[in-house]
Structures are given as C-alpha cells and as structure tokens.
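Take a look at the structure set out below.
The values are calculated or read from the model by the stated rules, or taken from the named source; none is laboratory data. As the structure is a computational prediction, the values presented were derived from the model and not from experiment. Here the Cβ positions follow ideal geometry from the backbone for every residue, glycine too, while neighbour counts run over all protein chains shown. The accessibility values were calculated without ligands, DNA or RNA, using every heavy atom of the protein model including side chains. Shrake-Rupley method; radii C 1.70, N 1.55, O 1.52, S 1.80 Å.
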Amino acid sequence: MTTLDVAGIAVSPDHYIDGRRVPSDQHFELHSPIDQRLLGRVAEGTAAHVEAAIAAAQKAFPAWSAMTAAERKTLLDRFAEEIGKRADDFCTLESNDAGVLLSRMRHGVVPRAMLNIRWFAQHALTLQHRPIDTEQAYHIVRHDPAGVVVIITPWNAPLMLSTWKLGPALAAGNTCILKPPEWAPLTCSLLADAAHAAGLPPGVFNVVQGTGARTGAALVADARIARVSFTGSVPTAKAIAQAAGANLVPCSLELGGKSPFIVLEDADIDAAAATGALMYRNAGQVCLAGTRFLVHAQVADAFVATMRSHVERLNVGDPRDEATEVGPIIHPHQVERVAGFVGRAVAGGAQVLWGGAKHAFGAQYYQPTMLTGLKQSDEIVQNEVFGPVLTLQTFADDDEAIVLANGTDYGLGGVCYGETAHATAVAQQVRTGFIWVNSFGIRDLAAPFGGIKRSGIGREGGDWSFEFFCDVKDVVVPKKPFKASFSHR
C-alpha cells in the first residue's frame, strides 16, 4: 500500500472504499501552508471511484441500519478510542496539512473529535420509539436512517467538522461517503484508518478524495444519495443545492459568516478586547468568528488602545511551535484573496489601525489586521474575508448597533459585550443563528448550531442533527377499534 511520510507519520494518499484502500491513476499535489513544501500526491476521485463508493455504501446500509443503536454505539465508541490512540498523529498531520495550531489540535480539536463520535452514539439511544399519548391513539415517533449520506467538509477544520457530521449520521444508522477538502485531506484519510481499526463494517464509512467541481459534484448529483451535509462557501452551496434539488435530496448547509462583535458602552473593555484578539485564531479562518467590530463611540478609543495591546502580544509563526498563536493561511490563492480585500478597502478610503500587509514570517502568513473608516456598504464589511482581517465601526446607541449588526446578508454568529442584562437584550435582537454574551466559543453538542440568510440552511447538534439525518416516522396505533366511514363530522 502506498503511503506518504508527513513529519514521520505514515498516511495513505488513496481513497478508502468498501473497507479497503483504492488507488487512482489521477492525482493532485498537496503542499503545506507552513512553508509550501510538497507533502505528496493524493489520489483524485473519478466517476469510477464515486460509483464504487455509492455502491459500497448501499450494500452496507441494510445490515448497518438493522443494528440497534446500542450495537452501533459499541463500534462507534471503538472508533473514538482509535482516534484517541492516534491523537499525536492527527495533531501532527493537521498542523502540517492545514496549518492549524498544534496546541489547538492537542487541547481542543482531537478531544472534540472523539466527543463528537461518542456523544452522538450515546444520544441515539434516546431517540427510539418516542411515544405521544393522545385521547385517540398512541403515536410512536421513529427516527429511521435515511440511507447513503454524502458529507463534504472544508479545509479550516477538517477533522473536527468531519466527525461533527459523521457522529450523528453513523449513529442514526446511515452509511457515509466523506469528501475531504482538497487543500487539507490527510486527517480524513487517517480517520478512515481509525474506522477500519475499530471494526466498522466495509462500506459503512468511505472516503473519496478530489475536487469539489469534479468529485463532489458527481457525489451530490447522484439520485441514490439520501442526504447531503456540507460546510463551506455560499457559491459552492448553491451548486450543491441545485444538483441535489434535481433529485429532491435534503441538504444541510453550514456556510460563511460576517458576524458582529458588539461592544456596548457599559462593557468590560479589557475583557472584550482580550476576546476580540481571539478572532485572529486559525489565522482568522473561522466561520463563526466575530469579524465586524461595532463599538459604542464613547468607548471606541479606549477599546482600540486596549485591543491593540492584546494584538501586539500575539505570536505569529510556525503552528507546530507551542508558543504560536496565529499560523499561516491555507493556500496561496487564499492569501491573495485576503490581500485583495485589504488593498481594495484601503484604496477606497479605509484606515489601517494595525497590520494591513503580508507577514514577514513566510509567504502564507498575514499580519493580524484591523480596518476602520468604513461604510456599511463597503465590500469588506459585507463579504466574508476568511483571513486575519477585522473591521471596526462605531455607533451612537443600541438601535444603531442593531441596525449595523443586521446589515449584511449573513447571519451565522455574533458576540455582544456589555452589562449582562443590557447585552442580552441587544443580543436577542441580532438576526443570527447564535450569539455569545460576554463570551466566545462556548458550545454544547446538545445545542443547535447553524445560520440564517446566506449563512446556511438547517441546524446541527442534538436532536437537530438526527432530524436531518433521519426519516422521521409516526406510527399511529388507535386505542379503540377503528370503523371506516366516509361521513365527516
């Protein structure tokens, strides 16, 4: 079997279909965002690979879906254990492949990936045969597995987001085909090894690598697919929805954000500024980050000075160094995209509070940046940059803050700092899928996650994940003998 050696970790560049590695005569090159070195050549999925993966998933579905939730849980718990056994490998691979901070992988991502599998496997036990008792009948509400599921994940968090979707999809009894991001596919390949070692039956979990335009498009357009779960950009989501819509296949779409970070006049300025500096983590490549700072005019100067002091202490550098806090941007194309946004904004009159240029550390590094002097209609205020670039606008009162916060086509997340009751009242008027009050990043797998407007369709987490990945059925059992009649009363 062919393997790549990435920092001493052996990882397969081939697809994983029907319980075995499948090579391809077509490949794409993979480079590390850290220093642009070639990591290897990865198998690209063709029509034949897509066909083989769908056929394998279809073949495996009857037996996997017929298992009890408890039986599936046993195997999925082993899957989580296997991820844990190779925690260091997952950390090293994703840091080299996607530029994610090694410290964040160790302390956040890998434990969360394991939890994603275990938590949903446990939660599935509570879904079976939920009764509704009415005067006329017993209603047995079932969550039946839908069938073959396609999961497409982005490059900014491939391991976490893959397991976030695989957990409920597999626990519900579906079989899955994962299409990893072409810019960072290696931890998804290693995930297949973990599934294999855990004893997941052949065809239950498959990995087909390739581009979205070719491999992804072929998967989502196939009429045999029962569900498509996608996290990524709005343009790609539109193409997926159109292709899946031709077959009336339900889609869950978790898309971009342009989330407000509101600082009210009664906010704890240092706490808000310290949290604000967190928006640069993963080089700003985080969909739920608050990227539009909306600050009350009375405290704007103090906030800018305080946040500047926090940002100046950020360590930009190699993500494999435990001291690094801001790593590289994923790909040269993304670097130029980020630089283009900043360049056009400055040419249009924006002022640079800090940053505003590529970082001297390396070709794919960009300075943590804050721009001000912007209009609500400006491109950089309205569109997702997905890099370490933030904007700052001021407001005079709550009403103006809410208008500015709601003034884009996105509605994923948000942050609001202020006296708790005040901030909560403002937060509840922001049109978004979720918003943190005096905090950031607090998550629970039982809670809903997702956006409105251009930020997506559907919710993930808790029962919401199972509502999507299952066919919900009501079995109605009358309490009295039923007499058929055409009369209506």
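When the surface is traced with a 1.4 Å probe over the full set of protein chains, Val426 keeps roughly 0 Å² accessible.
Quick check: net charge around Ile34, other residues with Cβ under 11 Å of its Cβ, Lys/Arg +1 and Asp/Glu -1? The partial results should precede the final answer.
Values: positive: Arg37, Arg320; negative: Asp35, Asp97, Asp318, Asp321.
That sum, taken over residues with Cβ under 11 Å, equals -2.
Once both axes come from the Cα atoms, what is the angle between helix 234-245 and the longest principal axis of the chain, in degrees from 0 to 90, rounded to 10? Orientation of helix 234-245: about 20 degrees from the principal axis. Modelled spin-label separation between Ala246 and Ala302, with each label point placed 7 Å from Cα along the Cα-to-Cβ direction: 5.9 nm.
Once the Cα-Cα distance is subtracted from the 0.36 nm per residue extended length, the Gln428 to Met67 segment shows a gain of 125.7 nm.
So if each residue of separation counts as 0.36 nm, and I subtract the Cα-Cα distance between Ala347 and Ser439, what length gain in nm does that give? Show your work: numbers first, answer last.
Details: separation 92, 0.36 × 92 = 33.12 nm, distance 3.42 nm.
My answer for the length gained is 29.7 nm.
Relative contact order of segment 230-327, taken over Cα pairs closer than 8 Å and 6 or more residues apart, is 26 percent.
The length gained on full extension between Asp471 and Gln376, counted as 0.36 nm times the residue separation minus their Cα-Cα distance, comes to 29.9 nm.
Provide Thr420, Thr236, Thr432 ordered by accessible surface of protein heavy atoms (probe 1.4 Å), highest first. Can you show the working numbers first?
Working: Thr420 85, Thr236 60, Thr432 25 Å².
From most accessible down to least: Thr420, Thr236, Thr432.
Entry comment: accessible area of the chain is 39 Å² per residue, from protein heavy atoms only and a probe of 1.4 Å. For the chain, the residue among Thr408, Gly373, Pro131 whose Cα projects farthest onto the positive side of the dipole built from Cβ charges is Pro131. Measuring r between the beta carbons of Asp321 and Trp354 and using R0 = 35 Å, the FRET efficiency lands at 0.95.
The distance from the alpha carbon centre of segment 322-341 to that of segment 76-92 is 28 Å, rounded to a whole number. A Förster radius of 25 Å, combined with the Cβ-Cβ distance separating Arg20 from Gln58, puts the computed FRET efficiency at roughly 0.90.
Modelled this way, with points 7 Å down the Cα-to-C-beta line, the labels at Phe482 and Ile132 are 1.6 nm from one another.
When the solvent-accessible surface of protein heavy atoms is calculated with a 1.4 angstrom probe, in what order do Met114, Met1, Met279 fall, highest first? Please list the in-between numbers first.
Numbers: Met114 35, Met1 165, Met279 5 Å².
Descending accessible area places them as Met1, Met114, Met279.
Where the accessible area of the chain is counted over protein heavy atoms with a 1.4 Å probe, how much of it, in %, is carbon and sulfur?
Working: 10610 of 19310 Å².
Roughly 55 percent of what the probe reaches on the chain is carbon or sulfur.
In this label model, Arg41 and Ser309 are separated by 5.5 nm, measuring between points 7 Å along each Cα→Cβ vector.
In terms of solvent-accessible area of protein heavy atoms at a 1.4 angstrom probe, what is the ranking of Val381, Val437, highest value first?
Numbers: Val381 0, Val437 45 Å².
Solvent-accessible surface, decreasing: Val437, Val381.
Centroid-to-centroid, using Cα positions, segment 256-293 and segment 358-378 are 15 Å apart. For the listed peptides 333-342, 102-111, 409-418, 259-268, a ranking on the average number of other beta carbons within 10 Å per residue, highest first, reads 409-418, 259-268, 102-111, 333-342.
Report the FRET efficiency, 1/(1 + (r/R0)^6), for Ala363 and Lys85, where r is their Cβ-Cβ distance and R0 is 35 Å, rounded to 0.05. Display every interim value, and only then the final one.
Details: r = 35 Å, r/R0 = 1.01.
Step by step, r from the Cβ atoms, then E = 0.50.
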